[in-house]
Structures are given as structure tokens and as C-alpha cells.
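S.K.: Below you will find the structure I want to go over with you.
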There are 2 protein chains.
Amino acid sequence: MTDKIDNKLVQGKHNHHRCIDHALQVAEQVCLKKKLRLTKIRRQVLQLICENHKAVGAYELLDLFREFDPNAKPVTIYRSLDFLMDIGLVHKIESQNAFIACLQAEKQHKSVILICGQCKNAFEIDATAVYENLFALSKQAQFEPQYLTLELHGLCVNCQKV
Amino acid sequence: MTDKIDNKLVQGKHNHHRCIDHALQVAEQVCLKKKLRLTKIRRQVLQLICENHKAVGAYELLDLFREFDPNAKPVTIYRSLDFLMDIGLVHKIESQNAFIACLQAEKQHKSVILICGQCKNAFEIDATAVYENLFALSKQAQFEPQYLTLELHGLCVNCQKV
DNA sequence: CTTTAAAATGTAATATTATAACATTTCATT
DNA sequence: AATGAAATGTTATAATATTACATTTTAAAG
Ligand SMILES: [Zn+2]
Ligand SMILES: [Zn+2]
Ligand SMILES: [Zn+2]
Ligand SMILES: [Zn+2]
């Protein structure tokens with residue numbers, strides 16, 4: 001399984017095993033704390049999402065998952081995604097119908113997802129100030145803000161040259 | 001056709017005929033300027049989107065459109081939506097797979113869409129500062145920003161009470 | 001006024017994304 | 001061991017969107 005990881009594909013050079021391990025450890029912690037069950041299926045789905053930093057579609061994930069269970073059905077993936085999203089371990093990229101693992105699920109965060117249109121890598125950076133700004137703006141318009149969809153499309157540093 | 005408009009449904013009280021007329025006039029102007037063809041079908045689709053300020057799905061739109069042409073197919077709607085979105089007359093709300101008419105298509109604008117989770121009304125307010133902030137932030141992360149998906153979910157003023 | 005080529009539309013089929021409904025199994029607790 | 005809630009299995013289907021190719025409409029040229 002680990003030999004599928006292709007470090008050339010991820011944003012910047014880094015030991016990607018650490019990302020996966022960290023994400024899985026955080027997942028354990030979060031579930032322990034909330035008394036939720038990180039079952040085998042859920043862990044496998046999370047692991048697959050973590051295999052690179054690209055946004056991954058549910059059916060793409062299903063194909064990958066079928067190496068664990070050839071008979072897996074869409075609903076299995078969607079159920080796991082729902083579970084993982086509910087507890088903040090996975091984010092949905094609405095503009096792509098795709099999913100990424102959150103790399104900072106252990107702490108509360110208000111972030112923008114930067115999505116490279118070329119390589120599809122997606123990563124989060126803090127945008128707390130932006131949230132505050134927008135919430136304030138919307139309140140001025142007598143709107144009661146609840147949650148924000150914030151996705152910035154562009155080119156990552158690796159894809160800008162040429 | 002006009003007697004379908006229900007002003008109780010729209011954000012605040014206003015003469016909704018003006019919204020439709022304005023949107024259609026702007027559409028004419030934009031197409032004239034860009035030498036594009038605002039065909040009957042495209043105008044009808046835009047008109048239907050304008051009939052209220054709610055986000056409307058493509059198939060919902062198709063149902064409405066079938067009062068013009070009972071044999072209309074999904075692709076007709078999607079083609080018109082693509083055309084209207086390309087020239088900024090319509091925006092897609094990614095988090096809802098739904099569409100709204102832009103009320104300020106005549107001028108360049110950087111806005112956030114405020115979406116009421118209760119009544120589904122959606123309207124835009126200016127967010128130029130937020131764009132600049134985010135673009136600057138992302139550049140610091142060596143990301144080249146291109147376009148932003150910015151959708152704020154919450155409750156509109158009419159839906160906050162009780 | 002024809003010819004022509006591009007744009008728009010018609011038509012059918014299909015791809016992609018996501019959920020509903022109900023049966024069965026697993027698991028923690030009693 | 002009994003119990004009930006949570007998770008999973010299984011089947012079907014809903015909802016959203018696109019592809020491919022035929023035909024018609026339109027604007028512009030000759
Ligand atoms: Zn996150
Ligand atoms: Zn890239
Ligand atoms: Zn707009
Ligand atoms: Zn409302």
C-alpha cells in the first residue's frame with residue numbers, strides 16, 4: 001500500500017508518510033474524544049484520501065477502495081465520507097465534487113482551500129481574518145452567517161513555471 | 001407569465017418586475033457589446049431564473065421551461081446556463097448545484113453570495129476587500145490566485161425570527 | 001439573392017454524483 | 001447470554017451533467 005505514494009505528485013517535497021500517519025493518529029484521537037468509532041472501513045477510506053494531497057472524487061475513491069473490498073458499493077464510500085466530514089477530518093471541495101483530508105483537524109480552524117487547476121493538489125491555509133470580515137459584512141446586511149464555502153482556484157508553486 | 005411572480009417570496013419587499021426587466025435589459029446590452037446572441041431560448045432561461053431570488057436547480061428550471069417547450073431536454077438548459085454564466089449574467093452556487101441571476105452583471109464585481117438555508121433566497125453583496133485579502137494571502141503561500149468560490153450560508157433577515 | 005461556414009439547436013444516449021430503503025451483522029453494554 | 005444501537009450489506013434509484021452527432025438557423029460574403 002505504502003509504495004503507491006508518489007512524492008513527486010504532492011505539493012513541495014515532504015515525507016508523505018508523516019502526513020498519513022499524522023492524519024490517522026489525529027483521527028484516532030478525535031474519535032476517542034468524541035466516543036465515535038473509527039471502524040476499519042472508515043480508516044481505510046481516510047487513508048486512501050490521504051494518499052496524496054489531491055482532491056479525490058467519491059467514485060475514484062471507490063475504485064481505490066475496491067482493492068480492499070472488490071464488492072464495495074458507492075454508499076459505503078459516501079457513508080464514510082459523511083462520517084469523516086462530520087468530525088472535520090475530511091473537507092468537501094464543493095466546486096469540484098471532491099474531497100481532501102484535513103491536515104489540521106486536531107485544532108479548530110477557519111481556512112481557505114487553495115486548489116491548483118493544473119495538478120489538482122489542494123491545501124488549506126488559515127483565513128480567520130477573512131471569516132471575521134465576511135461575517136461582519138453579512139451582519140451589516142442583516143444576514144445571520146453560519147458557515148462559509150471558501151475555495152480559491154489558481155496555480156500552485158510547482159505548476160506556475162512554463 | 002408575470003402573474004407567477006410571488007413577491008412574498010423574495011428578499012424584502014420590492015417590485016420584482018423591475019428586477020426581471022433590468023436583468024433582461026442588461027443581458028441585451030452585454031450581448032450587444034460582446035456581439036453574442038441572446039436567443040429566444042437563452043432569454044427565456046434567464047427570465048425563468050429571474051422569476052424569484054432563490055437558487056434554482058437545472059432540472060427545476062427544465063420543468064419551468066417546459067411550459068415554453070414541452071419537449072425540452074436537459075442539455076438545452078445546461079447550454080443556456082453555460083452561455084449565461086460565461087458572460088456573467090448567471091452565477092452557479094457550487095454548494096447547492098443551483099443557479100441565480102446576477103443583479104449587477106453590468107459592472108465588474110467581486111461579491112460573496114449570501115444563501116438563506118431556510119427560504120433559499122440568495123443575493124450578492126460586495127466583497128472586494130475580501131478578494132484582495134485572500135489573493136494577497138495566497139500569494140504569500142506562493143499560490144497564483146485565479147478565481148474564488150465564495151458562498152456564505154446562514155439566515156436572511158426574514159427567516160431569523162422564531 | 002444565393003452560397004457558405006459558424007453558431008445554435010434537436011435528439012438520443014450515457015456519464016457522474018449522490019441518496020433511499022430495508023435487511024443483516026457487529027459491538028458495547030447490561 | 002440478552003439487548004439495542006450503530007454500522008454495514010444489498011439493491012435500487014434519484015439527481016446532476018455531458019457527449020456525440022444530426023439538423024436548422026444565422027450572419028456575412030460573394
Ligand atoms: Zn481543515
Ligand atoms: Zn499544481
Ligand atoms: Zn453577480
Ligand atoms: Zn430566508
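Derivation of every value follows stated rules applied to the coordinates shown; laboratory data play no part. As the structure is a computational prediction, the values presented were derived from the model and not from experiment. Methodologically, a virtual Cβ is constructed for each residue, glycine included, from the backbone with ideal geometry; neighbour enumeration extends over all protein chains shown.
S.K.: How much mean residue ellipticity at 222 nm does chain B get from its helices, if each DSSP H run of length 4 or more adds -39500 (n - 2.57) and you divide by all residues, to the nearest 500 deg cm²/dmol?
M.R.: Per the formula, -13000 deg cm²/dmol.
S.K.: If the label for B:Gln146 sits 7 angstrom from Cα along the Cα-to-Cβ line, what are its distances to the same label in every other copy, in nm to one decimal, shortest first?
M.R.: Once sorted, the set of distances for B:Gln146 reads 3.2 nm.
S.K.: Hey, which lysines would be in cross-link range of B:Lys161, C-alpha to C-alpha under 19 Å, not counting anything within fewer than 8 residues on its own chain?
M.R.: Result set, ordered by chain and number: A:Lys139, B:Lys8, B:Lys13, B:Lys120.
S.K.: Round to a whole angstrom and tell me the spacing of the C-alpha centers of the stretch B:130-162 and the stretch A:118-138.
M.R.: 6 Å
S.K.: Please compute the net charge surrounding B:Gln96, taking Lys and Arg as +1 and Asp and Glu as -1 over other residues with Cβ under 15 Å from its Cβ.
M.R.: Result for the neighbourhood of B:Gln96: -2.
S.K.: Grab the Cα-Cα distance for B:Asp69 and B:Lys34, subtract it from 0.36 nm times how many residues apart they are, and report the gain in nm with one decimal.
M.R.: Net length gain for the segment: 9.8 nm.
S.K.: I've got another one for you. Using the basic label-point model (7 angstrom from Cα toward the beta carbon), what is the B:Gln160 to B:Asp126 distance in nanometres?
M.R.: So the two model labels end up 2.2 nm from each other.
S.K.: What residue of chain A sits with its beta carbon nearest the rotation axis taking A to B, and at what distance in whole Å?
M.R.: Axis relating chain A to chain B; nearest Cβ residue and distance: A:Glu94, 2.
S.K.: Also: Considering the Cα trace of the stretch B:27-102, what is its radius of gyration and what is Dmax, both in angstroms?
M.R.: For the stretch B:27-102, the Cα-based Rg and Dmax read 11.7, 32 Å.
S.K.: Same structure, new question: Take the Cα atoms of the protein assembly as shown, find their three principal axes, and give me the spread along each one in whole Å, biggest first.
M.R.: Cα spread of the protein assembly as shown along its principal axes, largest to smallest: 61, 53, 43 Å.
S.K.: Peptide A:129-139: average number of partner chain Cβ atoms within 10 Å per residue?
M.R.: Partner Cβ neighbours, averaged per residue: 4.
S.K.: Quick one: label points 7 angstrom along Cα→Cβ at A:Lys73, distances to the other copies in nm, smallest first?
M.R.: 3.1
S.K.: List the residues of the stretch B:103-129 whose backbone N lies under 18 Å from a point placed 7 Å from the Cα of A:Glu144 along the Cα-to-Cβ direction.
M.R.: B:114-123
S.K.: Quick one: helix B:16-34 against the long Cα principal axis of chain B, what's the angle to the nearest 10°, folded into 0 to 90?
M.R.: In chain B, helix B:16-34 runs at an angle near 70 degrees to the longest axis.
S.K.: Which residue, A:His91, A:His17, A:His53, tops the fluctuation ranking in a GNM of chain A built on C-alpha contacts under 10 Å?
M.R.: A:His17
S.K.: So, in nm, how far is label B:His14 from label A:Glu60 when the simple model puts each one 7 Å beyond its Cα toward the Cβ?
M.R.: Modelled inter-label distance: 4.0 nm.
S.K.: Under the convention of a label 7 Å out along Cα→Cβ, give the distances in nm from A:Lys110 to the same position in every other copy, shortest first.
M.R.: Shortest to longest, the spacings are 1.9 nm.
S.K.: Using a ≥ b ≥ c from the Cα gyration tensor of the stretch A:114-160 (square roots of the eigenvalues), is it rounded, prolate or oblate, where a/c under 1.5 gives rounded and otherwise the larger of a/b and b/c decides, a/b for prolate?
M.R.: prolate
S.K.: With a/c under 1.5 counting as rounded, go ahead and sort chain B into rounded, prolate or oblate using the C-alpha gyration tensor (a ≥ b ≥ c being the square roots of the eigenvalues; past the cut-off, prolate if a/b is larger than b/c, else oblate).
M.R.: In terms of gyration-tensor shape, oblate.
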